[in-house]
Amino acid sequence: MAAHQEKKLAEDRKHQNMQNDTKTSQGQWGRAWEVDWFSLASILFLLMFAPLIVYYFIMSCAQYQCSLTDPLLDLVTGNKHLSDIWNRTPMLTYRAAAIYSLWVTFQVFLYVSIPDFCHKFLPGYVGGVQEGAVTPAGVVNKYEINGLQAWIITHVLWFANASCFHFFSPTIIFDNWIPLLWCANILGYAVSTFAMIKGYFFPTNAKDCKITGNFFYDYMMGIEFNPRIGKWFDFKLFFNGRPGIVAWTLINLSFAAKQQELYGEVTSSMILVNVLQGIYVLDFFWNEAWYLKTIDICHDHFGWYLGWGDCVWLPYLYTLQGLYLVYHPVQLRTAYAIGVLMLGLLGYYVFRMTNHQKDLFRRTNGNCRIWGKKPEYIECSYMSVDGTKFYSKLMTSGFWGWARHFNYTGDLMGSLAYCLACGFEHMLPYFYIIYMTILLTHRCIRDEHRCSSKYGKDWKCYTAVVPYRLLPGIF
């Protein structure tokens, strides 16, 4: 009898420990439950000023030849009033609304209606139905990976129109750039608001929802982990990749077409920007299945941060180099252009090979070779909301032995190359590298905070083996 009671007490203690672990996981894995004052202040700042920042950059090109200081000087000295700048800003037009509506509808159609066929004839490409990572609630979602297919179809139609059909001008995006900005804002706010309402009243999975009670934080960072409509329309995957990233290369092509129209040539700098950013976009879609294991899908909930950010911030501020080169065409010296190209390609190589090493390690469960040797790793465990224990391995060799986020280092090298292609006359093209440095540094810290909460003491063991985040020996 005593033995039975002792066994029961041990089981109760084990169950209590599991509940505590689950609460910890539930509270920290994914988006945070509690809101500190700094997070709230940051969120209020972004909600108020991020749309104005985008407008300011685009307006400065349209009205001030891409100068970031002249608009402020005009306002401070009294040469212009805010109403003067606003009155010169193109408003929303029926033409822009029709273009944007058709664009988004077409991308939705490609996403939900045409199953992927690229994986059937492209060696090495992983497409079709794929599984994502385990959510905090223990759910493993399935996704239709067909982004590369959507990108190919879209660009084939673009080039067919430009060379044969001539239904619209290749400069159509540039010619409607600011009216399209208003359309993108409308969609960004609409989808973010809908996602919040859906999270409150009809979530896809209630166990994967987090409600802090702070309206601004929940609106910004999202309530639902994986909001979906039907079986396949996943908000996070669609808005992260389509329509913004598919549009990225089309936007750059439209800028190049405008440069040709205005100056009779496409400069070497514009070609470099198109090529390097085109490689990045193609890489994203070629590795879309890998993207299912990134922080955006594995940790972020879907709110304004992703909804508005993917509709407005990404297509408008990630393409500033091309926009700048329309107003300030730059012909680069051959040696300089080759140097920029080499930096961009080296950054891409580091970015891709670092991610490839992690992907190979995960797919083979560590049964592979990295740089000719069996990979080293730390084994970790973590709990889902339902108390299920999962195990994971964190690699400590290859590029991942140099720094915990060495893929970001490659990303920053590529980002710098985009900016250097524009020369040194203006600061505007360099916003991208400044922003990416802040974003990826913050993402390092944010990701590691979550990993520390998720893996506990195992994470401390990992950081002891790999002490640097981005730059070996420095940071």
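Of all residues in region 176-227, count the ones that are in contact with a helix residue (DSSP H, G or I) (Cβ under 9 Å, 6 or more places away or on another chain), in a loop (DSSP other than H, G, I, E, B) and hydrophobic (A, V, I, L, M, F, W, C).
Residues that pass the stated criteria total 3.
Among the residues of region 170-178, are any of a type outside the set (Val, Ile, Thr), open to solvent by less than 20 Å² (accessible area, probe 1.4 Å) and assigned by the TED database to the domain that holds residue 247?
Within region 170-178 (the criterion being of a type outside the set (Val, Ile, Thr), open to solvent by less than 20 Å² (accessible area, probe 1.4 Å) and assigned by the TED database to the domain that holds residue 247), the answer is yes, since at least one residue qualifies.
Please list, ordered by residue number, the helices (runs of 4 or more DSSP H) wholly in region 37-145 having 1 or more residues that are among the polar types (S, T, N, Q) and open to solvent by less than 50 Å² (accessible area, probe 1.4 Å).
37-64, 94-113
Among the numbered criteria (1) open to solvent by 30 Å² or more (accessible area, probe 1.4 Å); (2) closer than 13 Å to residue 405 by Cβ; (3) touching a residue at least 40 places away in the same chain (Cβ under 8 Å), which one does residue 454 miss?
For residue 454, the exception is condition (2).
Per-residue answers, yes or no, for (1) over 30 Å from residue 210 (Cα atoms); (2) open to solvent by 10 Å² or more (accessible area, probe 1.4 Å); (3) among the basic types (Lys, Arg):
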{"site": "297", "(1), (2), (3)": "no, no, no"}
{"site": "300", "(1), (2), (3)": "no, no, no"}
{"site": "311", "(1), (2), (3)": "no, no, no"}
{"site": "334", "(1), (2), (3)": "yes, yes, no"}
{"site": "337", "(1), (2), (3)": "yes, yes, no"}
{"site": "343", "(1), (2), (3)": "yes, yes, no"}
{"site": "348", "(1), (2), (3)": "yes, yes, no"}
{"site": "352", "(1), (2), (3)": "yes, yes, yes"}
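Residues are listed down the side, and each one gets a yes or a no for (1) more than 17 Å from the chain's Cα centre (by Cα); (2) of a type outside the set (Val, Ile, Thr); (3) part of a helix (DSSP H, G or I):
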{"site": "424", "(1), (2), (3)": "yes, yes, no"}
{"site": "430", "(1), (2), (3)": "yes, yes, yes"}
{"site": "434", "(1), (2), (3)": "no, no, yes"}
{"site": "437", "(1), (2), (3)": "no, no, yes"}
{"site": "442", "(1), (2), (3)": "no, yes, yes"}
{"site": "446", "(1), (2), (3)": "no, yes, yes"}
{"site": "451", "(1), (2), (3)": "yes, yes, yes"}
{"site": "464", "(1), (2), (3)": "yes, yes, yes"}
{"site": "470", "(1), (2), (3)": "yes, yes, no"}
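The values are calculated or read from the model by the stated rules, or taken from the named source; none is laboratory data. No experiment lies behind these values; they were computed from the predicted model shown. Positions of Cβ are backbone-derived with ideal geometry, glycine not excepted, and every protein chain shown enters the neighbour counts. We work out accessible area using only protein heavy atoms, side chains counted, and drop any ligands, DNA or RNA first. Shrake-Rupley method; radii C 1.70, N 1.55, O 1.52, S 1.80 Å.
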